[in-house]
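A quick write-up on the structure given underneath.
The values are calculated or read from the model by the stated rules, or taken from the named source; none is laboratory data. Values in this document were obtained by computation on a predicted structure and should not be read as measured data. Glycine also receives a Cβ, built like all others from the backbone with ideal geometry; neighbour counts cover every protein chain displayed. The accessibility values were calculated without ligands, DNA or RNA, using every heavy atom of the protein model including side chains. Shrake-Rupley method; radii C 1.70, N 1.55, O 1.52, S 1.80 Å.
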Amino acid sequence: MTGQVYRLHSTLELPLETVYDHFEDDPDLPPEIASVDITRRKNTLIISAVADDDSISKYTPTAQLKASISETRVYTEEEQKRREGPRWGDDVEEEEEDDEPMGELIEVAAFKGDRETVLQNTALQYPMFLVLCDIARLAEKGTLTAITEQDGELQATRIVDGEDRPASIEVVEGPTSSNSGSSGVDWRDNEFI
């Protein structure tokens, strides 16, 4: 399988535990990837491809997915209604007595940014993009859009809130060279300089 990733933009967010569980369940990886290494460095999660092909040197940096990790509080429906609802005298006193905040604090992996931020290095880049698509299908929040090439054909990918959506590539004409000079300030003939 040959392929290349030309454009990619991601706003995916999902619980860190979901990412770990996905790879612990031994998912179907593209044939070029034998396995993945998952490393956490402070608030950064790095998922690196391990090549199935022995011709790729162990010193060649293979493609990796990068996510930032942050903590967020998740509320049940009942807790959310209590938080958003009107607060009367007894509720305020009751909440002051319960010093423990509502909700559960969880770690979230955010795959946010463009290609160079989320999907790094070129060796095994397209197979690792397919791994990112699998992660995107697990995310309840966020969007993944991309333009890729596989076997000589351009493909558009769009995954929104975990669901594949229709996508297309549109070629538009860029600005012409005849208009480019007339839209700026003519600094040579500026009387105020």
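For the stretch 127-134, 3J(HN,Hα) computed residue by residue from phi via the Karplus equation (6.51, -1.76, 1.60; θ = phi - 60°) reads x, 6, 4, 5, 5, 4, 4, 4 Hz, glycine and proline entered as x. Packing-based ranking of 49-58, 5-14 yields 5-14, 49-58, ordered from highest to lowest mean Cβ neighbour count within 10 Å. Taking amide H as placed 1.01 Å from N in the peptide plane, residue 139 has its amide H under 5 Å from the amide H of 162, each at least 5 places away in sequence or on another chain. When 23, 111 are compared by accessible area of protein heavy atoms, the largest-first order is 23, 111, using a 1.4 Å probe.
Ordered by solvent-accessible area of protein heavy atoms (1.4 Å probe), largest first, the residues 32, 71 come out as 71, 32. In this structure residue 75 has an accessible area near 70 Å², from a 1.4 Å probe over the protein heavy atoms.
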